[in-house]
Amino acid sequence: MDVQTHQFDVVVVGAGGAGMMAALYASRGAKTAVISKLYPTRSHTGTAQGGIGAALANLDEDHWEWHAFDTVKGGDYLTDQNAAETLAREAIDAVIELELMGLPFDRNPDGTISQRRFGGHTNNQTKKPVRRACHAADRTGHMILQTLYQNCIKEKVTFFDEYHAIDIITNDGKVCGIVAVCIDTGEIHVFHAKAVCFATGGWGRIWETTSNAHSLTGDGPALVWRAGLPLQDMEFFQFHPTGLYPVGLLITEAVRGEGGVLINDKGERFMERYAPTIKDLASRDVVARSIYLEVQAGRGIGGKRYVHLDVRPETVNRYLAEAGEDRRVDADYILSKLPDITDFCHTYLGIDPTKSPIPIQPTAHYGMGGIPTNLHAEVLNSGTGTVVPGLYAAGEVACVSVHGANRLGTNSLTDLIVFGRKAGKAMADYARQADFVPLPANPAGKIVAEIEGLRKSSGKTKPYVLRQEMQKVMMDHVSVFREAPGLQKALDTVRELKSRYQNDLVIEDRGMRFNTDLLEAWELGCMLDLAEITTVSAMERKESRGGHSREDYPKRDDVNYLVHTMAYPEKGQIRIAHDRPVDLSLGYQPAERVY
Amino acid sequence: MKVKFRIRRFNPEVDKKPYWGEYTLDNVEPTDRVLELLHRVKWEQDGTLTLRRSCAHGVCGSDAVRINGVNKLACKVLVKSLNLKDGGQIQVEPILGLPVVKDLVVDFEPFFDHYRSVMPYFVPATPLPGDGRERRQSPEDRARFDDTTKCILCACCTTSCPSFWASGQYVGPAAIVNAHRFIFDTRDGATQERLNILSEESGVWRCRTIFNCTPACPREIEVTRAIGEVKLAIQRGGR
Ligand SMILES: Cc1cc2nc3c(=O)[nH]c(=O)nc-3n(C[C@H](O)[C@H](O)[C@H](O)COP(=O)(O)OP(=O)(O)OC[C@H]3O[C@@H](n4cnc5c(N)ncnc54)[C@H](O)[C@@H]3O)c2cc1C
Ligand code: SF4
Ligand code: SF4
Ligand code: FES
């Protein structure tokens, strides 16, 4: 097969918020290409709704220190405090930078960027919610994605749109590029590079109910793993409390930020019991578990597996009055602040959220874990922190770790901008002083053989069958609550699916051009790898912390587990070591988490 | 219920010309999205069926197709909205006016070229604020271009436009919508350049106000109105 070769100083894989931010910065100092399996504007960053967190203090008193503390507490103390500091400090300038790039934020009457409340973001003195989420209606991510793409056009960044990365090229342990398929032609392209950055986003498609796009299949972490490198904190995957029932698509926390409340079958605002101080705006793991417990206790609506999110003006105003607040809302206000949510409810359920409550259930949403990096987005090859020269990761795929055991709402978008920028700068610097590592002989040989083998698969099992079984078992046993027997069952099932994937798969499309049958099957291989690593990581963490709740170990155990999980690939097996210490440099000692 | 699918198929490696593929699906729920059903055809019946999709809820703009003759995002159309009888038919074709690559996948390059031609990026009208903070903008000025910020570049509008079908030179409504987003942004300083671009041969005057584009827009952008505002701005010589 013909292989085309390109040479760039820097190659960024992924054109979401993190990838484009990295590319903008890298391209100012180095010859840069962005490779994306989707057109950049189709990336999942565009679906982010509620806001980007930064202590701008446009409406309420606020400080980056408060934002940092909230991030650490939200992460159930697994957050690296130096990373939280970087995030919170640089968030302010990052949001301003977006505005200066043209991003049309909503505005306050004085013309500054509008901010609203979001779960877990507080005034550290009064413990009350603070307005910190900068937003453009409920399509903040859309505006970020568009603005970054627009600026990439302006600065003439080079894109390879609809190129699917399928391998990392190394020579003598050093990174020297990637292999990608041009989806349209099926041709193989080798990108020889000094620095490679993964910004491939999440992997929520491992689960049955998810807010994530079909394209979020964890290609980046799987490639890094297959290159012999570890993955960090994979057991921590966030279930967002409010996915639309039954489809799973996300209903932003901003609905609660604007005053919406969760109600069970008995009409109770049950979060008053679980989080007496900030109630519905407690952090996501807490709210997701509360919903789950309500449902288990038979208080789901009509005994079913969902509860109501009520943002009808009369409900919101009743609770505002009860809380002694002066603010009141009406239907027009809700509509103006949540137009897309209103549209989703209308399109998919035929309801008007200002007139009827929204049925919701927890939905697989965000990977806190991923490719381990340091504060400069450099990828680490072990828990003790040795850098892999030339390899970078940023955005959801990376684990800095800013989000620890549970991410606060609005902190992902902040993460993309802050750490995407760092990756871009670091790569431009690196490219200036480093030489190209020569490509090995036949750099695409092995992966081409693999892909051709996959293309000719002629067993009996169609990929979707395996995918659905994986999604179901992960949902049943590796979601909001976990315990040993269920985890074992999930692991056994995933391993059985892997063996069927290898031995009995069938691919019907044998062609070269736009072969999505083949590429979806390849993505399934990535997901199976990550499902296995996630489950093994979850088995080995015998405590409950943030997004990882073990029914058999219900307490947090700081003596044994205030440490990151590292999963290492070793002779085809997964070896777990708890060997990356948590940074505590801001001095916040682990405390019990009450909201 | 049972639903019949009639899907326009074309594989450039095998077929001389496009043809209709027919498929039947059982156990279809009225609340199923057409995208899910296309997936079922692909996954359960014919792995070679090719389409683009990502978000599955109408915000990424990947899956614009013609459903029963009308441009739609497949993920935003529920079966019940098509008013089918049991055994009724759903016809799906690629959007018109862009070259077909394979099955429902079209070549988006000409579309994005038009988009890139209208300077779809912010050119600040004023120097950086001295205080290191954001440029301020009143809520009223911000509201002026709110509608056109919603565009997801799905091409539903442009590929339903008879003027675009007649000549692919026409930049098309989507590009004009994206120019509008900057032309009416008080922070922007390149209004005149964009108006010059759009008053050329390939620009707004090709629009005959036929109104196909507005109902086609899945984001409910008032496309024709935005085009009208740009035409007026050209005549006025500014925003
Ligand atoms: C519905 C929803 C709402 C959200 N709302 C918020 C919010 O309000 N605030 C907040 O802070 N966070 C929010 N999040 C989280 C946040 O949006 C995501 O974590 C973030 O956008 C991820 O950005 P990214 O740049 O890392 O990746 P993405 O935007 O997902 O981009 C991934 C990129 O990688 C490319 N790619 C992937 N694999 C390959 C491959 N093999 N080869 C080539 N390219 C590849 C894709 O084409 C894409 O361009 C939300 C998430 C969801 C799902
Ligand atoms: S109004 Fe103009 S742009 Fe819209 S469909 Fe008609 S001719 Fe095309
Ligand atoms: S204006 Fe509407 S129809 Fe046209 S590309 Fe934008 S979102 Fe799609
Ligand atoms: S799949 Fe994203 S718009 Fe339909």
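Nothing in this text is a laboratory measurement; each read-out follows from the coordinates by a stated rule. Remember, it's a predicted structure, so these values are computed and weren't measured experimentally. A quick note on method: Cβ atoms are made from the backbone with ideal geometry, for glycine too, and the neighbour counts reach across all protein chains shown.
Observations
- Our summary gives chain A a relative contact order of 22 percent, counting only alpha carbon pairs under 8 angstrom and 6 or more residues apart.
- Cα gyration tensor category, rounded, prolate or oblate, for segment A:241-330 with a/c compared to 1.5: prolate
- Here segment A:334-353 and segment B:198-239 have alpha carbon centers that stand 27 Å from each other.
- Label-reachable residues, segment B:98-141, where backbone N falls under 16 Å from a point 7 Å from B:SER167's Cα toward its Cβ: B:114
- Two-site FRET efficiency, A:GLU469 against B:GLN91, from Cβ-Cβ distance with R₀ of 25 Å, rounded to 0.05: 0.15
- Fewest neighbouring Cβ atoms within 10 Å first, the residues B:SER117, A:SER290, A:SER36 line up as B:SER117, A:SER290, A:SER36.
- With a cut-off of 14 Å between beta carbons, the residues surrounding A:PHE69 carry a summed charge of -1, where Lys and Arg count +1 and Asp and Glu -1.
- Here the Kirkwood formula puts the hydrodynamic radius of segment B:3-105 at 13.8 Å, using every distinct Cα pair.
- Percent of alpha-carbon pairs separated by more than 18 Å within segment B:108-236: 51
- Given R0 = 22 Å, the distance between the Cβ atoms of B:GLU200 and B:ARG236 translates into a calculated FRET efficiency of 0.80.
- For the residues of A:243-249, the average number of beta carbons from a partner chain within 10 Å of their own beta carbon is 2.
- In segment A:445-595, one over the average inverse separation of all distinct C-alpha pairs is 17.7 Å, which is the Kirkwood hydrodynamic radius.
- Cα-based convex hull volume of segment A:129-251 per residue, rounded to whole Å³: 188
- Distance in nm between pseudo-label sites at A:LYS128 and A:ASN560 (7 Å out along the Cβ direction from Cα): 4.3
- Counting only alpha carbon atoms, the long axis of helix A:140-154 and the longest principal axis of chain A meet at about 40°.
- A full extension of the chain between A:LYS31 and A:ASN442 corresponds to an added length of 145.6 nm, given 0.36 nm per residue minus the alpha carbon distance.
- Per-q log10 I(q)/I(0), chain B, q = 0.07, 0.17 Å⁻¹ (Debye; single scatterer per alpha-carbon; no solvent): -0.28, -1.17
- Chain B: DSSP helices with Cα axial extent of at least 18 Å and average Kyte-Doolittle hydropathy no lower than 0.0: B:223-236
- Peptide A:99-112 - average C-beta neighbours from other chains (10 Å radius): 6
- D_trans [Stokes-Einstein, Kirkwood Rh over alpha-carbon pairs] for segment A:6-151, 20 °C, 1.002 mPa s, µm² s⁻¹: 132
- Relative contact order of chain B, taken over Cα pairs closer than 8 Å and 6 or more residues apart, is 18 percent.
- Between A:GLU187 and A:SER382, the C-beta separation translates, for a Förster distance of 30 Å, into a calculated FRET efficiency of about 0.25.
- Helix axis angle, A:463-477 relative to chain A longest principal axis, alpha carbon, degrees: 40
- Set of lysines with alpha-carbon distance to A:LYS472 below 24 Å, sequence-local pairs under 8 removed: A:LYS304, A:LYS460, A:LYS462, A:LYS489, A:LYS498, A:LYS542, B:LYS42
- Cβ-based net charge around B:SER163, under 12 Å, with every Lys or Arg adding one and every Asp or Glu removing one: +2
- Spin-label pair A:LYS571-A:ARG273: with each label point 7 Å from Cα along the Cα-Cβ axis, the two points sit 5.2 nm from one another.
- Rounded to the nearest 500, the 222 nm mean residue ellipticity of chain A from helices alone is -11000 deg cm²/dmol, with -39,500 (n - 2.57) taken per DSSP H run of at least 4 residues.
- Largest-first principal axis extents, alpha carbons of the protein assembly as shown, Å: 72, 66, 65
- The long axis of helix A:17-27 is offset from the longest Cα principal axis of chain A by roughly 50 degrees.
- Taking only alpha carbon atoms, segment A:216-259 gives an Rg to Rh ratio of 1.18, where Rh is the Kirkwood radius.
- Highest GNM mean-square fluctuation among B:LYS16, B:LYS76, B:LYS102, for chain B modelled with Cα contacts below 10 Å: B:LYS16.
- Cross-link reach is defined here as a Cα-Cα straight distance under 30 Å, omitting same-chain residues fewer than 8 places apart; for A:LYS422 the lysines meeting it are A:LYS31, A:LYS37, A:LYS73, A:LYS154, A:LYS156, A:LYS174, A:LYS194, B:LYS150.
- Summary value for segment B:3-105: 36 percent relative contact order, contacts being C-alpha pairs under 8 angstrom separated by 6+ residues.
- Taking each residue as 0.36 nm, the span from A:ASP93 to A:GLU483 lengthens on full extension beyond its C-alpha to C-alpha distance by 136.1 nm.
- Value of Rg to Rh for segment A:120-179, rounded to two decimals, is 1.26; Kirkwood radius and Rg both from alpha-carbon coordinates.
- Dimensions (Å) - segment B:155-219, Cα atoms, principal axes, largest first: 32, 28, 16
- D_trans [Stokes-Einstein, Kirkwood Rh over alpha-carbon pairs] for segment A:73-204, 37 °C, 0.692 mPa s, µm² s⁻¹: 176
- Gain upon complete extension [A:GLN296, A:ASP429; 0.36 nm per residue less C-alpha separation]: 42.5 nm
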